[in-house]
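The numbers here are math on the coordinates, done by the rules we state, and not lab data. Not measured: the values here are computed from a predicted model. A quick note on method: Cβ atoms are made from the backbone with ideal geometry, for glycine too, and the neighbour counts reach across all protein chains shown.
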Amino acid sequence: MFNAYVIAFGGLLLLGGRLSDLLGARRVFAAGWLTLLVGSVIAGAAGNVATELIGRAVQGGGAALIAPSALTLLMMLFGSSPQELTKALAVYGAAAPAGGTAGVFLGGVITEYISWPWVFYINVPIALLALVAVPALMPSAPARSGLVDLLGAATVTAGLAAAVYGIVRAPEVGWASGQTWGVLAIAGALLAGFVVLQSRSREPLMRLGVFRAPNLAAANIAQLLLGAAWVPMWFFLNLYLQQVLGYSAFPSGAALLPMTTLIMLGMIVLAPRAMQRFGAKPMIVTGLLVLALGLGLGIMSLVRPTGNFWVDVLPASLVAAGGMSLAFIPSLGTAISAARPEEGGLASGIVNVSYQVGSAVGLAAMTAVAAAFGADQVTDIDELTSGFSAAFLGAAVIALVGAGIAAVTMRTPAAEPVSETV
């Protein structure tokens, strides 16, 4: 079920970003919430697996419209002040871990005390509130001249969806299987075809020259590797709580609250001030190094089958959360502010794709690593912890590689983290 959402979300993000530029971010933002509402109703009312899969895919499509258009709206609202834009991005960034933890927490409550369909129905009042608030609070912008590159949109959507599908299915069918390599080969061919189409199109969905903007490519690489390191950590930490320490869904969600709280405080309070003082590059490099340190603590802790939350989970999770809060906002802000103002939606779509693809690749790869070291033996605690530690080691290596790449490829930023022309 989750894979249907992820495939639709990852596949449509780039199109959602471009539509924000052409049709107006407010329109696309509202359309995204309406689509999410419809998908939630379909999934909640589903009487069979096929219908629920359709509902989850529709939800993913709605989220793919919301994510890039929300960033574009933030640039419209706060772009005249780099400091205010950085603060707004901090709140935006903090919402993701807060939502993830709230999902685990509320999901446990709903499934245990109410019923499974309400996991989806709870989105309905939230979507309705957003639809009511959009006209009153969000700025409107006229649609811009230009056509949607339908062939390019279809090609990149199919390519990204195939890539995400191949990656998330790989741990189940095997990385060496013909199915995995066949799907990934199709994805590669489609994405290569998309690049060729964009180089020849008069109205490209993604202007290839956008990557020549200073630091845009480097910031997207940082986001990709940040997702590849962070999401596996969050996933395996939750598994450790449930499968080794014996927590149910509700207590495991509560156990993640300290980490989530620190991320939110770090992003909202610390990151904007540090950005103004040090600039983006030192923040990204330092954040990835601190994340690697937290993962290193996790390697030593999660190898213990007789661990406990206060000694083996809390310290490592807080250090990793500190690293995430330092690196996420600078890389996000750099990625979207480096592009032209009229391509803000496109830049938002690209950076969302970078993080989501990195998350999917990192999680799939670390799941394979964990299984190779015994994490597929769910009844053997020693094997489980060995596999989890191996996954943390792999994620730590990714974070270290990300820090090294950022140190080499990112230009030293000016004192102002966001361009005045946004």
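Taking the Cβ-Cβ separation of GLU112 and ALA371 as r and a Förster radius of 35 Å, what is the calculated FRET efficiency to the nearest 0.05?
Efficiency computed from Cβ-Cβ geometry: 0.75.
Could you go through region 395-406 in sequence order and give the Karplus-derived ³J(HN,Hα) for each residue, using 6.51 cos²θ - 1.76 cosθ + 1.60 with θ = phi - 60°, rounded to whole Hz, and x for Gly and Pro?
My calculation for region 395-406 gives 5, 5, 5, 4, 4, 5, 4, x, 4, x, 5, 4 Hz in order.
What are the residues whose amide H is under 5 Å from the amide H of TYR247, where those residues sit 5 or more places off or on another chain and H is modelled from the backbone?
For TYR247, the qualifying residues are GLN242.
Can you show me the helix-derived [θ] at 222 nm for the chain, built from DSSP H runs with n ≥ 4 at -39,500 (n - 2.57) apiece and divided by the number of residues, rounded to the nearest 500.
On the way: 16 runs with 324 residues, N = 422.
Estimated from H runs of four or more residues: -26500 deg cm²/dmol.
Across all directions of projection, what mean area in square nanometres is found for the Cα convex hull of region 303-384? Present the calculation step by step, with values, prior to reporting the outcome.
Values: hull surface 27.3 nm².
If you wrap the Cα atoms of region 303-384 in a convex hull and average its projections, you get 6.8 nm².
If I model a spin label as a point 7 Å beyond the Cα along the Cα-Cβ vector, how far apart are those points for LEU129 and ARG411 in nm?
Those two pseudo-labels are separated by 4.2 nm.
So for region 1-65, averaging the separation of alpha carbon pairs under 8 Å that are six or more residues apart and normalising by length, what relative contact order in percent results?
Across region 1-65, relative contact order equals 50 percent.
Zone of LEU151 (label point 7 Å along Cα→Cβ, backbone N under 15 Å): which residues in region 185-214?
Inside the label zone: 190-206.
Where does region 1-101 land on Rg(C-alpha)/(2.2 N^0.38 Å)?
1.17
Taking amide H positions as placed 1.01 Å from N in the peptide plane, with prolines and chain starts having none, which residues 5 or more places from LEU205, or on another chain, fall under 5 Å of its amide H?
ASP149
Using per-residue counts of other Cβ atoms within 10 Å, averaged over each peptide, order 5-11, 35-41, 74-80, 339-345 from highest down.
Result, highest mean first: 5-11, 35-41, 339-345, 74-80.
Roughly how compact is region 105-246, stated as its Cα Rg over 2.2 N^0.38 Å to two decimals?
Taking N as the residue count of region 105-246, the ratio is 1.45.
Would you look at the GNM of the chain, springs on alpha carbons closer than 10 Å, and say which of ALA162, ALA130, ALA338 moves the most?
Result: ALA130 has the largest fluctuation of those listed.
Residue separation times 0.36 nm, minus the C-alpha to C-alpha distance between SER199 and GLU84: what's the value?
Values: separation 115, 0.36 × 115 = 41.40 nm, distance 3.60 nm.
Value of the extension gain: 37.8 nm.
Could you compute the net charge surrounding LEU326? Neighbours are other residues with a C-beta less than 15 Å from the C-beta of LEU326; K and R count +1, D and E count -1.
Residues close to LEU326 contribute a combined charge of +3.
Rg/Rh for the chain to two decimals, with Rh computed the Kirkwood way over all alpha-carbon pairs.
Rounded to two decimals, Rg over Rh is 0.95.
Residue by residue through region 283-299, what is 3J(HN,Hα) from phi via Karplus (6.51 cos²θ - 1.76 cosθ + 1.60, θ = phi - 60°)? Round to whole Hz and write x for glycine and proline.
5, 5, 4, 5, x, 5, 5, 5, 4, 4, 5, x, 5, x, 4, x, 4
If packing is taken as the average number of other Cβ atoms within 10 Å across a peptide's residues, how do 271-279, 391-399 rank, most packed first?
391-399, 271-279
Can you give me the Kirkwood hydrodynamic radius for region 253-364, using every pair of distinct Cα atoms, in Å to one decimal?
Details: mean 1/r = 0.0653 Å⁻¹.
Result for region 253-364 stands at 15.3 Å.
Kindly rank 206-219, 256-269 from highest to lowest mean number of other beta carbons found within 10 Å of each residue. Please report the intermediate quantities before stating the final value.
Numbers: 206-219: 17.8, 256-269: 20.1.
Taking the mean over residues of other Cβ atoms within 10 Å, the ranking is 256-269, 206-219.
Once you place label points 7 Å from the Cα toward the Cβ at ALA50 and ALA189, how far apart are they in nm?
For ALA50 paired with ALA189, the spin-label model returns 2.8 nm.
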